[in-house]
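Let me begin by presenting the structure, written as structure tokens, before commenting on it.
No lab work stands behind these numbers, since they all come straight from the coordinates. None of these values were measured; they are calculated from a predicted model. Note that each Cβ is placed from the backbone with ideal geometry, even for glycine, and that neighbours are counted across all protein chains shown.
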DNA sequence: GATGTCTGCCCC
DNA sequence: ATTCTGC
DNA sequence: GCAGAATGGGCAGACATC
């Protein structure tokens, strides 16, 4: 096959992301290949020349390829470099350069393969220059598409989206043969020539190693694996020992199936003395031992990994072997005297192992404990950590030897719960600059960052970080650093010359990094570095500190800003469940035409008076909403100029409260006015939120967010938790819909909407609107048991179901979207404003992404939404209170009187409460009260609607049994939350 | 001979 | 090695 | 949950350069 033809296949594969489709294209390619070439095609498309264990190395990679391209296409190395930085892929760069000239391609796949092999074979003095020349002449004689792929091979990054596993699938075979004969080219050849037969592990041919997956819960381990063997995890080199007594054959392979010459580990020359078998393949971990330490029954003190790996060398072996003797911790046997054991249960393999290994200072069989008890696993993990090991590896007792990491067979312990790395503390580091990304990350212009910490007056490098960054975070960090970038290295920085980032940044941005351990470093100017560093989050001053905190628009964003997605899955169920409360509240009013407090009062004053008292306390804080609207307006206008934040907020809040009180004076039917205003503002708010959610900076977070949003099972307890947030969480759940006593407002809204029997009662009118006829008292309306009424009733029920559902849905959408915004905008920055300042912070974001007008729009809508909420609640609560006081006969006065009385009272309290410096505590109490309110009044609703009313009203109003069940479940839900809250508090 | 740079389907 | 992402 | 592709520190070896 011409290489150019292969290149066409590779191009198609590169463009495809579906693995099924990739597999299909690959099998098409193998179909079109001769058996003489299939191995070479497989190797080249994986970017290799031979299986790993044959040790064929090109010794030509990134830097030399840059020189090669410069030579081949007559450019300077700097020109090539700058193109490479842009594309992030040397193959793409090579293709781009080669397009300037026409090169007819004559090479077959075999030609290219052999030329690359020649390049690999060359070594010795002058070989670097020769390799460059050979590679350059190869590239010059290929068409530009072929150049793209050939240039990528030495760099080892084909980026075609497939690897051995996919090739095995494309060949239409299982991986059993490959796993014990991991020469993918040869396997492809055998498949093509129909010679693939069942084989067994062979001395001298590595087996694809079995790897451990990671879990952080021992319970989950037992759940997934049942009975397990618990063993220590050593920090050394994974070594496979192949031994055949005949001819004293000893071969050694690493985890990556690289062969290590026996001379490297001379102690294994005589390994046969310690093995009671003719032929074995052993799986082990080699660890360096401190030779000066006393040996207890042969066992020594382990050295760390950096010491151990010094044994992987060609020179000075004798001296190093004396300084760092190796101990081989054996834990598995795959072949024994000609018999494959890979399909035997693990404990059986171990039993064989114990029979054949003579333990001493060279070989030791790992100790192990067989158990089903998660607690024992936990204890052993702690024990081994204390001993300076890496914890435990937990293995399914009856598991076969399964190559790779598939399935749950071997598991290592992820960090302990409550920790995000094995380092006891995470580190806050200064971002010193960034490097442009390679491959997929090139499009973000940032692939990794250089971080350091302050050391006196200078800032020294500590590590680079590239893992742990989501694509959204790459964008975020890039944007931030662009504002901080510096042409020159800031003078307080100290960095060695191979750690010069592509772009410097002045010290400002701080990120949180975790790692497994701290190591000594010669590369980093601090003299220390991190082992397995990973990015956690951006750190920022905790920002806005005002303690004022409000209902559902604040708490959910607060949680997602602080704890990410941990509780997001709870929002939807918590808001939807309020549907069952709302419809019962509405049902009562639809049947009787009366407000819900009338119903409660009919149950007796000992129940109702305390409940009302709770309700009264609950609504003292209404002013907060007005104050949130005021904040937004002050932020928007910055008027009056000399005012502080607090003063400005108060100024605008008073204006809003006084201005919007006009509605109460002049509206014809107050509820109707409010409803219309609310409709407009809600529509603008929802549209604004949706628009915001579609901004690219937010959109990149949306997929992840909604995956959690729609999955209640994703709820998890965050690893760090502030005790005070228990109350906040309860508050968030209560406020997911309306919350506690707020839900009772449905009764009064239904009343003024004129739903059901409420059609026949009077409505509340504005103070200055003359009543045409004073309806002093609601009569007990008669609801006759007629067929006509029955049909009407069905219509009402439909309406109130629809209305209640619509309300919770809109609530869930708005709360969901604001929470998404908080997750996208605030969480990455580590800001969790504890108050209504969240709107201000969001507005700042919109200014940077949408410009000035985006910010204005956002603040306007936010203030309108907030004040609208205040007006709506003030009206509703005044009616609740009025209904109560009106019905307590001895107080006298009309309903209208009481309504205006309470309206005045609430406006006054609003004016007062917004001046309180610390309303935070009060608000938390209210969240908790709300949950207990549900617990108290849901049974009362049930009694009214399911028992009491059916006795007085026509039989068709009686709810179905299943409706009783839904209400019971709702009650249990809140009861459980209330109980859980009490549990965590006490 | 000492030092610097690059590579390793390195090892973890 | 760890982590994220598309399937 | 899999497979693939981003990314880390630090070691020795090989070659180039001073």
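Enter the angle in degrees (range 0 to 90, nearest 10) between the Cα long axis of helix A:696-709 and the first principal axis of the Cα atoms of chain A, meaning the one along which they spread out most.
Helix A:696-709 sits at roughly 80 degrees to that axis.
Evaluate E = 1/(1 + (r/R0)^6) for residue A:985 and residue A:802, where r is the Cβ-Cβ distance and R0 equals 45 Å; express this FRET efficiency to the nearest 0.05.
0.70
Give the order of A:293, A:627 when sorted by the count of other beta carbons within 10 angstrom, beginning with the fewest. Walk me through the intermediate numbers first.
Numbers: A:293 12, A:627 32.
Taking fewest neighbouring Cβ atoms as first place, the list is A:293, A:627.
Could you give the length gained on full extension between residue A:194 and residue A:140, defined as 0.36 nm per residue of separation minus the Cα-Cα distance, in nm?
Working it through step by step, the gained length comes to 15.6 nm.
As a footprinting exposure proxy, order A:429, A:615 by other Cβ within 10 Å, with the fewest listed first.
A:615, A:429
By average Cβ neighbour count within 10 Å, what is the ranking of A:194-200, A:812-818 from highest down? Write down the numbers at each step before the final one.
Numbers: A:194-200: 11.0, A:812-818: 21.1.
The peptides rank, most packed first, as A:812-818, A:194-200.
Measure out, as a whole number of angstrom, how far apart the alpha-carbon centroids of segment A:1-29 and segment A:381-417 sit.
One Cα centre to the other: 38 Å.
Taking the simple approach of a point 7 Å from Cα along Cα-to-Cβ for both residue A:856 and residue A:295, what is their distance in nm?
8.3
Find the centroid of the Cα atoms in segment A:359-374 and in segment A:222-292, then give the distance between the two in whole Å.
A separation of 14 Å, based on Cα centres.
Sorted by packing (mean other beta-carbon atoms within 10 Å per residue), highest first, where do A:683-692, A:647-656, A:174-183, A:315-324 land?
Put in order of decreasing packing, that is A:647-656, A:174-183, A:683-692, A:315-324.
Between residue A:406 and residue A:245, what is the FRET efficiency for a Förster distance of 25 Å, r being their Cβ-Cβ separation, to the nearest 0.05?
The calculated FRET efficiency here is 0.15.
Taking chain A, how much of its Cα-Cα pair set, in percent, is spaced more than 57 angstrom apart?
Here the tail beyond 57 Å accounts for 32 percent of pairs.
Give me the distance between the Cα centres of segment A:182-221 and segment A:483-497, rounded to whole Å.
The two parts, judged by their Cα centres, are 48 Å apart.
Defining a contact as two alpha carbons under 8 Å apart and six or more residues distant in sequence, what relative contact order in percent does chain A show? Show your work: numbers first, answer last.
Details: 1701 pairs, mean separation 106.6, N = 986.
Across chain A, relative contact order equals 11 percent.
In nanometres, what is the gap between the two model label sites at residue A:314 and residue A:467, each 7 Å from Cα along Cα-to-Cβ?
For the pair residue A:314/residue A:467, the computed spacing is 2.9 nm.
Cα gyration tensor of segment A:282-433, axes a ≥ b ≥ c as square roots of the eigenvalues: rounded (a/c below 1.5), prolate (a/b > b/c) or oblate? All intermediate terms of the calculation are to be shown ahead of the outcome.
Numbers: a/c = 1.70, a/b = 1.09, b/c = 1.55.
The shape class here is oblate.
Spin-label point model (7 Å from Cα, Cβ direction): what's the residue A:683 to residue A:952 distance in nm?
Going by the 7 Å Cα→Cβ label model, 4.0 nm.
How long is the gain from residue A:337 to residue A:786 if the chain were fully straight, where each residue apart is worth 0.36 nm and the alpha carbon distance is subtracted?
Stretched fully, the residue A:337-residue A:786 segment lengthens by 152.4 nm.
Estimate the FRET efficiency between residue A:118 and residue A:487 by the formula 1/(1 + (r/R0)^6), using the beta-carbon distance for r and 35 Å for R0, to the nearest 0.05.
Between residue A:118 and residue A:487 the formula returns 0.20.
If you count, for each residue, the other Cβ atoms within 10 Å and average over each peptide, how do A:578-585, A:959-966, A:480-487, A:944-951 line up from highest to lowest?
In decreasing order of mean packing, A:578-585, A:959-966, A:480-487, A:944-951 become A:578-585, A:944-951, A:480-487, A:959-966.
Would segment A:858-986 count as rounded, prolate or oblate if I go by the C-alpha gyration tensor, calling it rounded below 1.5 in a/c and otherwise prolate when a/b exceeds b/c, oblate otherwise?
Oblate, because a/c is 1.5 or more while a/b does not exceed b/c.
Which angle from 0 to 90°, rounded to the nearest 10, does the C-alpha axis of helix A:645-660 make with the longest principal axis of chain A?
Around 40 degrees separate the two axes.
Taking 0.36 nm per residue of sequence separation and subtracting the Cα-Cα distance, how much length would be gained by fully extending the chain between residue A:15 and residue A:372, in nm to one decimal?
123.8 nm
Label segment A:427-538 by shape, choosing from rounded, prolate and oblate, from the square roots a ≥ b ≥ c of the eigenvalues of the Cα gyration tensor; if a/c is under 1.5 it is rounded, and otherwise prolate applies when a/b is larger than b/c, oblate when it is not.
Oblate.
In degrees, nearest 10, range 0 to 90: what is the angle between the Cα axis of helix A:895-913 and the longest Cα principal axis of chain A?
40
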